[in-house]
Amino acid sequence: MRALDLIAGFIEEPERAAEAVRRERPVAAGLLCFVLAGTSLFLAAQFLWRGSFLLPPSPLSWALLCLWRLAAGFLMAGTLHLLADAFGGEGRASSLFVLFGLSELPWSLALPAALLLRLSPWDGRLAPWLLLSVVGTISLSLKARSLGWNYGLSSGKAWLLLLSPYLAAAAFFACCLSLAAASLAFAVLRLFS
Amino acid sequence: MDEPTPQFPRQAPAAAPPRRPRGLLWALTGLYLASSAAALFLIWRGGGAPAQAPVDLLRSPRKLLASGRSGNVGWVSIHGPIYHSGSGKVWERGMEQWSRRIRSLSERSEIKAIVLDIDSPGGSVGAVQELHGVIQRVRAEQKKPVVALLGDVAASGGYYLASACDKVVAHPGSLLGSIGVIFNTMNVEGLFAKLGLRSDPIKSGRLKDIGSPTRAMTREERELLQALIDDAYGQFLGAVSRGRGIPEDKLRPLADGRIFTGRQALGLGLVDSLGDSQDAVKMAAELGGISGKPKVAREGDSLEIVLEMLDSAVGGSLRPEAALAGRLQGLLRAGLEYRWTGL
């Protein structure tokens, strides 16, 4: 399956494209999409944050960003595949990985949006975060739909599945924070008792 | 009679399904490619300057179209005593490594000027003169200006190097000067006597063990060594006189080994201006003909820097006795030195 056909299909008829991905699992196309999205994000970051010390304009930092996004995609696909399997879904992790790659394509819009933002009068401190939130939400919703298409899950289940690792991390963090607060309160009480 | 075979009309081949127009796809692809090309161009024109440069260029068509790409200012830090490194390992600190870094920076076309950040009490005559030669070559052959920035201390050999540069910038409180030569020697005869030890060399000539720490120096030996010191001192004085454009007879009263602050040195013509690292970079950029804000290219490959970090972090902790031995060796080092022993 040609990568361009796949991307075109995903843009025009995402459900049919997802079906084709389930059948053929074009992993190379998925990898390409991750790299395209990572490149766009890298270039956008040069304009969104002045003095972007996190992402200096060097080939090494570009490569590291793409690698990080690939690794994150791989890890997410693997983890969600296990969870989906536990939820009774039937699908393959490799096709989920490809669909996640295709879901990263909205990040390609981050670069032209960043350039336009810098030229516009709405350029401010919050503007970059707003832009990234909008693009990130589009990408996330495509990921949720991908989960649903790949495993035959309903929209609600797909969203729950997608957010579950983040919810688990947030719950863990909240637990730790509560424990810390409780022990601090206890220590203060002991001081006065 | 046979019935004619019915002729069935040939079926036309099935028409290929019509290709759906992919206007949206091509539009998005074109947008992506065009913005990537524009972004890469702006980052390139920014000359690797701080990341705000591409943003500034985006908003200023005049700057964007201005000819001439910003050059870079190379930066080499010469910190600590100046000696041969001994091992030649790329991540170690020593004359060889500093020479290599100055040369490699000067050979890069985008480097238009170099700042030498000197914070050194000096070192061995050979090592200092080798570095001095490298600086002179960069100025003469590569035609690149070199600006010395004096840190806490740029005494003796450290100042020897600074005097070879086009300009010298010092902090008002920098300690510099100590123009002179020293030959460190020690007489441990008394200690040996306490330990019941005695040195008994067999020599081919009577002056073979000149400077030996195991006995007192003879008058003849002292005069001989003094002549060596005077000759090396003459070389030092001549180098500073040529470098700073101060006649030797005017320089000599200042070159009795005394040290000066940066502010005192300014009045005596030993430095060109008082300032900090930003001033040195700005001066280097002006001398190098760099327009706009220059990027500072520090010396060393990323790999060298990583190896240096590993060596100092791991090697030092694993071999504390080696570090101690190194320090002691520095104190007992033989030979002529352009070094201020106040540190």
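The values are calculated or read from the model by the stated rules, or taken from the named source; none is laboratory data. Every value quoted in this text rests on a predicted model; they were computed, and no experiment measured them. Note that each Cβ is placed from the backbone with ideal geometry, even for glycine, and that neighbours are counted across all protein chains shown. With ligands, DNA and RNA removed, areas are computed over all heavy atoms of the protein, side chains included. Shrake-Rupley method; radii C 1.70, N 1.55, O 1.52, S 1.80 Å.
Computed quantities for the displayed model
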quantity	calculated
Amide H within-cut-off set for B:Ile82, under 5 Å, with H built and near neighbours excluded	B:Gly122, B:Gly123, B:Ser124
Shielding of A:9-15 by partner chains, average beta-carbon count, 10 Å	2
B:Leu191 versus B:Gln226: modelled label distance in nm, points set 7 Å from Cα along the beta carbon direction	2.7 nm
Distance (nanometres) between label positions extended 7 Å along Cα→Cβ at B:Phe41 and A:Phe186	6.5 nm
³J(HN,Hα) computed for each position of segment A:133-143 - Karplus, 6.51 cos²θ - 1.76 cosθ + 1.60, integer Hz, glycine/proline x	5, 5, 5, x, 5, 4, 5, 5, 5, 5, 5
Peptide-level mean, for A:109-115, of C-beta atoms on other protein chains within 10 Å	5
Per-residue HN-Hα couplings for segment B:234-247 [Karplus 6.51, -1.76, 1.60; θ = phi - 60°; Hz; x = Gly/Pro]	x, 5, 4, 4, x, 5, 5, 4, 5, x, 9, x, 10, x
Sequence-distant residues sharing a close amide H with B:Ser77 (under 5 Å, placed H)	B:Asp117, B:Glu299
Chain pair B, A: total accessible area buried, heavy atoms, 1.4 Å probe, Å²	2100 Å²
Shielding by partners - mean other protein chain Cβ count within 10 Å, residues of B:28-39	5
Burial ranking of peptide ranges B:208-216, A:23-31 (average Cβ count within 10 Å, highest at the top)	A:23-31, B:208-216
Cβ-derived FRET efficiency at R0 45 Å, B:Arg258 paired with B:Asp200, nearest 0.05	0.60
Where B:Met95, B:Met186 fall by accessible area, highest first, once all protein chains stay in place (1.4 Å)	B:Met186, B:Met95
Solvent-accessible ranking of A:Asp5, B:Asp230, largest area first, probe 1.4 Å	B:Asp230, A:Asp5
